[in-house]
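Okay, handing you the structure first.
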There are 2 protein chains.
Amino acid sequence: MTAIIEVIPNGSVTSPRGFKAGATYAGLKTYGADKLDLALLLSETLCSAAGVFSTNKIVSPSVTLSKKRISAGAIKAIVANSGCANTCVGDQGLKDAEEMTFLAARHLGIKDEETLVCSTGIIGVELPLALIRQSISKIQLSPDGGHTMARAIMTTDSHPKEMAISLKINNRTVNLGGIAKGSGMIHPNLATMLCFLTTDAAIEKSFLQDALNRATEVSFNMIDVDGDQSTNDSVILLSNGAAGGDTIRAGSPAADIFQQGLTYLCIGLAKELARDGEGATKLIEATVEGARNTEQAGAAARSIVSSLLVKAAVHGNDPNWGRIMMAVGKSGVELEESKIALYVNEICLVEEGRPIPYFQDAVVAAIKSGDVSFRVKLNVGDGSATAWGCDLTTEYVTFNAAYTT
Amino acid sequence: MTAIIEVIPNGSVTSPRGFKAGATYAGLKTYGADKLDLALLLSETLCSAAGVFSTNKIVSPSVTLSKKRISAGAIKAIVANSGCANTCVGDQGLKDAEEMTFLAARHLGIKDEETLVCSTGIIGVELPLALIRQSISKIQLSPDGGHTMARAIMTTDSHPKEMAISLKINNRTVNLGGIAKGSGMIHPNLATMLCFLTTDAAIEKSFLQDALNRATEVSFNMIDVDGDQSTNDSVILLSNGAAGGDTIRAGSPAADIFQQGLTYLCIGLAKELARDGEGATKLIEATVEGARNTEQAGAAARSIVSSLLVKAAVHGNDPNWGRIMMAVGKSGVELEESKIALYVNEICLVEEGRPIPYFQDAVVAAIKSGDVSFRVKLNVGDGSATAWGCDLTTEYVTFNAAYTT
């Protein structure tokens, strides 16, 4: 059954019932338009929690601690900071992550082990715990605090990313909300993709994790800003059941509806992250159809949006289909050159592997007018997938080269 | 035994005995400082030949034809053009590649099947055979023609890449020479890495291929300009035996000496390609030591030189070691964070996975003064490898975004 999804106007991570959030400036973040840098998200009741984390071999102890607590039990809160990644700081990192959750839990009147922690910012510098100790009690939580938290987790993002939707499940209205911050890299050091998702649906824990894995696979795993992966990337989903109703379990029609909603939300936030990559001026959407299978379609689509040459060509409003063919070819997926068709903003440029006559000015105009979509038909199977990226601009290089001392 | 390698001053692909080359302007290349665009390399006698080619799933029919001829028999000549890649042009591509070798062979008085063909330039446009028919007979070959050929294969390269060395093998002087062209990408379309290597040593064919594979593995496969792989990348090695002496076979001391010389030559040319990446201002050398094995060391080293963030940081003279840790971590190699040491231009910045106090100005000054070297010690095994890349500059983006119609 196809879910009927309604987007909640001005929605955020606190749109689902029973969630509150807030933020303050602790003095950790010394750059960016928005100086908020320490935030809390709280559920009135215990939540089932699920998480997807960086696969980088070097991760922040904050990631390690949050992972452990998600698998250990129910969760009530997340404390998050920008300005410092708490990574590559030796044994002190885990101690500091634990203390952050202790301070947050004390302020919120909950238990340490019900609290997760996420950090983003400079690598190799210890968390200034003194500043956090001093400031965390200033954070006032409100049912509309998602907007403030969305600002507090930003690093080089140009604006906060927030979204919420509602769904009908078993005749009840269920809400899902989320905030995210940039996958582009940060001046002067590594940034991180952080995403916090909430729902007031009651979801059985193992299905919650499976649903998040599936949604992440087609959203956050399909965006590329610069091919680099942070040590702190985290997507966390909390379900508090405040909407009432039976617990949703795998295999039920309700589970199917919930999955559709969660995937929709994650794709919405992921596209905003791609569009707001550092220095980016437009979103690139690449769809590959007719691949041998979904996995191969995904690999080819990701190869297109992560090719520097494709990204630079889009920035120059250049319908440079040769670079797209190259990107598909280097992804290693099964293909027959003579079967490939290629569309730019739905204008066909290549059929049976060869360019067809097209009105170049029309294609340039289509690209110039806004976002760019590429569609590649491999015509060797039924697999399809979509990936998103952004154009590569001189501003990206300037951002990331600017730091000298 | 360690080979005694002498670099031949002003050496080129025609430095080994019995090789001649030449080039002309046929009208194929409409950009670049140097308008030569059609070249021939000829050996006086038949050569054993070996080749390493693009693994992109979409390749030029020129690559397909040259591969077939190398495996079929002995080779006397290579015809190469810049300005047009002869790729994504349907069945006509193979016919044109064959006709190019026919025209070259007729001009040189040799057989078609003794002739290889390489093309580099725009994708999706048929080779203008009429121009080639008209001009190929103008090419005059000379024993010093390697310099001219090196210019003729250039696309966005800022200068030709040439090198030759001599070695003593069994008390005879043996020469190896080579020319190469840029692995950076080309305005307005795909460029290609081409490398033509010659030797007057007599080498048994299967060892010649093995030796080329090994040399390529640690040279051309260890450079990165922008992570994209052309449809036309080719490295070809011809051995004509003009130096006299017994044929060199696998497992002999002579084979070992030859391998060292070939590897030295390939690394020399590969470093020049990396240094001259589009828009680049400096060479980056990344060495990873103490990896579990050579393969893992190579993966980690390549991950460093291909990270956009590392490349942008180098451009900004920024000793941004956090980005190097991230790049090593995302390569997926076995590591223990607490065992990692990191050096920038031989100045230690990280020990046991944590930053140590260092004089930042000294490191910035070291990076500013010229090329940059990173050394990462993983301390989990004996594998080591080196990779080369270049900095990422705003000029790269400008180059590759500039084409609009």
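Taking the stretch B:1-100, how many lysine pairs are there with alpha carbons less than 17 Å apart, if each pair must be eight or more places apart or span two chains?
7
Within 10 Å of each Cβ of B:138-150, how many other protein chain Cβ atoms are there on average?
That average works out to 0.
Would you tell me the mean number of C-beta atoms belonging to other protein chains that fall within 10 Å of each C-beta in B:305-312, as a whole number?
Mean partner-chain Cβ count within 10 Å for B:305-312: 6.
Further question on the same structure: Please give the peptides B:391-397, A:240-246 ranked by average Cβ packing (other Cβ atoms within 10 Å per residue), highest first, as a rough proxy for protection.
Ranking the peptides B:391-397, A:240-246 by packing returns B:391-397, A:240-246.
Mind checking the angle between helix A:61-72 and chain A's longest principal axis? C-alpha axes, 0 to 90 degrees, to the nearest 10.
That works out to roughly 80 degrees.
Also, I was wondering about something else. Can you tell me which of B:I122, B:I70, B:I340 moves the most in a GNM of chain B? Springs connect C-alpha atoms under 10 Å apart.
Per the Cα network of chain B with a 10 Å cutoff, B:I340 tops the list.
Working from Cα positions, state the angle (0 to 90°, nearest 10) between the long axis of helix A:205-217 and the longest principal axis of chain A.
Helix A:205-217 sits roughly 40 degrees off the main axis of chain A.
Just grab the label-to-label distance for B:A72 and A:T45, each label 7 Å out from Cα along the Cβ direction, in nm (one decimal).
My value for the distance between the label points is 7.7 nm.
How big is the C-alpha Rg of the stretch B:6-274 next to the rule-of-thumb value 2.2 N^0.38 Å, as a ratio?
Rg over 2.2 N^0.38 Å, computed on Cα atoms: 0.91.
Let me ask something else about it. Compare A:A365, A:A385, A:A80 in a GNM of chain A, Cα atoms joined below 10 Å, and give the one with the largest fluctuation.
In the Gaussian network model the winner is A:A365.
Treating the Cα atoms of the stretch B:283-401 as identical point scatterers in vacuum, please give the log10 of the normalised Debye intensity I(q)/I(0) at q = 0.15, 0.18 Å⁻¹, two decimals.
Listed by q, the Debye log ratios stand at -0.60, -0.85.
Local charge sum around B:A255 (other residues, Cβ-Cβ under 15 Å, Lys/Arg +1, Asp/Glu -1)?
Every neighbour counted, the sum reads +1.
In whole Å, what is the distance between the alpha-carbon centres of the stretch B:53-113 and the stretch A:263-280?
Cα centroid to Cα centroid, the span is 45 Å.
Given the peptides A:342-349, A:9-16, arrange them by the average over their residues of other C-beta atoms within 10 Å, most packed first.
Numbers: A:342-349: 17.0, A:9-16: 22.1.
By packing density, highest mean first, the sequence is A:9-16, A:342-349.
Here is a further query. How do the peptides B:296-305, A:271-280, A:328-337, B:127-136 rank, highest first, by the average count of neighbouring beta carbon atoms within 10 Å per residue?
In decreasing order of mean packing, B:296-305, A:271-280, A:328-337, B:127-136 become B:296-305, A:271-280, A:328-337, B:127-136.
In addition: Which semi-axes, in whole Å and largest first, does the equivalent ellipsoid of the protein assembly as shown have when worked out from the alpha carbon gyration tensor as the square roots of 5 times its eigenvalues?
Over the Cα atoms of the protein assembly as shown, the semi-axes work out to 53, 30, 21 Å.
Moving on. For chain A, take the longest principal axis of its alpha carbons; what is the angle in degrees between that and the long axis of helix A:92-108, to the nearest 10 within 0 to 90?
60
Which whole number gives the average, over all residues in A:327-337, of C-beta atoms from other chains lying within 10 Å of the residue C-beta? Write out the running numbers ahead of the final one.
On the way: counts 4, 3, 11, 10, 2, 3, 1, 1, 2, 2, 8.
Averaged over the peptide's residues, the number is 4.
Counting only residues 5 or more places away or on other chains, whose amide H sits under 5 Å from the amide H of A:I223 once H atoms are built in the peptide plane?
Answer set, sorted by chain and number: A:W388.
May I pose another question? If you put a point 7 Å past Cα along the Cβ direction, how far is that point for B:D246 from the same point in each other copy, in nm, smallest first?
Nearest to farthest, the other copies are at 8.5 nm.
Each reported figure results from applying straightforward, stated rules to the coordinates on display, with no laboratory input. Because the structure is a prediction, the values reported are computed rather than measured. No Cβ is skipped: glycine too gets one built from the backbone with ideal geometry, and neighbour counts run over all protein chains shown.
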